[in-house]
Amino acid sequence: MNGNTIYHVCLEGALHRYFGSISAIFDQFTPEDLGVSKSRLWAYGITEEKPYQNKKCVIRKGIIHRKKTNRSLPSKYGE
């Protein structure tokens, strides 16, 4: 993963949560909550054009668009 991927989980049309990976989704939800296993989602191959959907949830994949900054790393101990 490149750090710009986001997964949007909509559970039963009301609860919306956002995750950085498929594995992170299963840190918060069980396969029973979602009606799908982690291995099934990997095999399905969620893309922006092909979200996963069942009776319990919709899982979409997207890209986070970030603004580039010119910030430098903080100096250690005020050096």
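The values are calculated or read from the model by the stated rules, or taken from the named source; none is laboratory data. Since this is a predicted model, take the numbers as computed values, not measurements. No Cβ is skipped: glycine too gets one built from the backbone with ideal geometry, and neighbour counts run over all protein chains shown. Heads up: the accessible areas ignore ligands, DNA and RNA and are worked out on the full protein's heavy atoms, side chains in. Shrake-Rupley method; radii C 1.70, N 1.55, O 1.52, S 1.80 Å.
Which order do peptides 31-37, 56-62 fall in by mean Cβ count within 10 Å, highest first?
Per-residue Cβ counts within 10 Å, averaged per peptide and sorted highest first, yield 56-62, 31-37.
Per-residue 3J(HN,Hα) values for the stretch 12-28, derived from phi via the Karplus relation 6.51 cos²θ - 1.76 cosθ + 1.60 with θ = phi - 60°, read 6, x, 10, 9, 10, 9, 10, 9, x, 7, 5, 4, 5, 4, 7, 6, 9 Hz in sequence order (x marks Gly and Pro).
To put it simply, the accessible area of the chain at a 1.4 Å probe is 50 percent carbon and sulfur.
The mean accessible area for residues of the stretch 13-54, using a 1.4 Å probe and ignoring ligands and nucleic acids, is 63 Å² per residue. Karplus-derived 3J(HN,Hα) values for the stretch 44-61, using 6.51 cos²θ - 1.76 cosθ + 1.60 with θ = phi - 60°, are 5, x, 4, 10, 4, 7, 10, x, 8, 9, 9, 5, 9, 8, 10, 10, 10, 10 Hz; glycine and proline are entered as x.
Lys-Lys pairs in the chain that are eight or more residues apart or on separate chains and whose Cα atoms lie under 18 Å of each other come to 5.
Contact order, relative form, for the chain: 34 percent (alpha carbon pairs under 8 Å, 6 or more residues apart, mean separation divided by residue count). When the convex hull of the Cα atoms of the chain is projected onto a plane and the area is averaged over all directions, what value comes out in nm²? Seen from a random direction, the Cα hull of the chain projects 7.6 nm² on average.
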